[in-house]
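As structure tokens, the structure follows; a few thoughts come after it.
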Amino acid sequence: MIHLSECESTQDVAWDCEPGTFVIADRQTGGRGRGAGRQWFSPEGGLYMSWRLGPVEPTGFSLLGGLAVLRALHHWGAAAWLKWPNDCWVGLDKVAGVLADCRWRGSRCLGLVLGIGVNIGVQALPEGAVSLHQLTAAPPTVAEFGELLRGHLRDLLAVHEKVGISGYLAEVRSHSLPPGSKIAYWIGADRFEDEVDDLDDQGFLLLRSGQRLTAVDRLQPLNPGGANASL
């Protein structure tokens, strides 16, 4: 494990490390999120961690990371849920995000870096974000949360390597927006509205209109009750 007081992005540092290495920073000056130009707010008090992996089957890795974070959040009493494809929310506020970067040769994944950001004890948060310290009477330190999270990541990787996403997809479904939830999503500058149907066997989002979403720039639940119905 490599622990830095500050870096631009743990994702970038991790690519230069040996497979299996975790890179952690107390602060990031250029943390990244999904979608063009989106950044992760990274002041001191959060967990900013990237996990360098070698060649893997990348299907479902954002969900793997999100589920590991969710297990750790639930351990400390946070009623979090998974917002497809890569966030953990409590109610309608974001507490954690996941970013899976893969390097390819043709259709073969040569290596992957899984980045995770969790608001543990961040004090000044933007609107729409929440910290774990606001959600539990006995919050963990960043180090305590990170240690538990790394254990869950290793456990899920062992399942993934053995049977793929099918080994944990049912658990992902049980903590995701339930069928019938109304959502808005953006692809580029275009906004669409639809209703959730299910996740397919690769973890992609199926909608009531018949659309199958493999990636979006942003997704927002429109009915607050649906965000909690699966908890």
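For the stretch 41-63, the candidate set comprises residues that are of a type in the set (Phe, Trp, Tyr) and either farther than 22 Å from Leu219 by Cα or surrounded by fewer than 20 Cβ atoms within 10 Å (Cβ to Cβ) (or both); within that set, the residue that is modelled with the highest pLDDT is Trp51. Just to be sure I understand the filter: pairs with C-beta atoms under 9 Å, separated by 6 or more residues or on different chains, first member in the stretch 58-72 and of a type in the set (Lys, Arg), second member surrounded by fewer than 24 Cβ atoms within 10 Å (Cβ to Cβ). Which pairs pass? Here the result reads Arg71/Leu148; Arg71/His152; Arg71/Asp155; Arg71/Leu156; Arg71/Glu171, each pair linking the stretch 58-72 to a residue that is surrounded by fewer than 24 Cβ atoms within 10 Å (Cβ to Cβ).
Yes/no matrix, rows are residues, columns are (1) crowded, with 19+ Cβ neighbours inside 10 Å; (2) closer than 23 Å to Val216 by Cβ:
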residue	(1), (2)
Ile116	yes, yes
Ile120	yes, no
Val130	yes, yes
Ala143	no, no
Tyr185	yes, yes
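Name the residue that is nearest to the chain's Cα centre (by Cα), counting only residues in the stretch 111-149 that are among the aliphatic types (A, V, I, L, M) and assigned to a strand (DSSP E or B). The residue in question is Ile116. Counting only residues that are under 25 Å from Ala137 (Cα atoms), in contact (Cβ under 8 Å) with a residue 60 or more places away in the chain and crowded, with 19+ Cβ neighbours inside 10 Å, the stretch 81-99 holds 5 of them. State yes or no: is Asp201 at pLDDT 95 or above and assigned to a strand (DSSP E or B)? It is false that Asp201 is at pLDDT 95 or above and assigned to a strand (DSSP E or B).
Suppose we keep only residues that are within 19 Å of Thr59 (Cβ to Cβ) and out of contact with any helix residue (DSSP H, G or I) (no Cβ under 9 Å at 6 or more places or on another chain) within the stretch 201-210. Which one would you say is surrounded by the fewest Cβ atoms within 10 Å (Cβ to Cβ)? Only one residue fits best here, namely Leu206.
Against the list (1) more than 22 Å from Ala14 (Cβ to Cβ); (2) modelled with pLDDT under 95, the condition Arg103 fails is (1). Close Cβ contacts (under 8 Å, 6 or more residues apart or on different chains) running from residues in the stretch 118-143 that are at positive phi to residues that are modelled with pLDDT of 90 or more and buried (at least 18 other Cβ atoms within 10 Å of the Cβ) comprise Gly128/Lys94.
Ser209 meets all of the listed conditions (1) within 21 Å of Leu92 (Cα to Cα); (2) of a type outside the set (D, E, K, R); (3) touching a strand residue (DSSP E or B) at 6+ places or on another chain (Cβ under 7 Å) but one, namely (1).
The values are calculated or read from the model by the stated rules, or taken from the named source; none is laboratory data. In this text the structure is predicted, and so the values were computed from the model without any measurement. With ideal geometry, Cβ positions are generated from the backbone for all residues, glycine too; neighbour counts draw on all protein chains shown.
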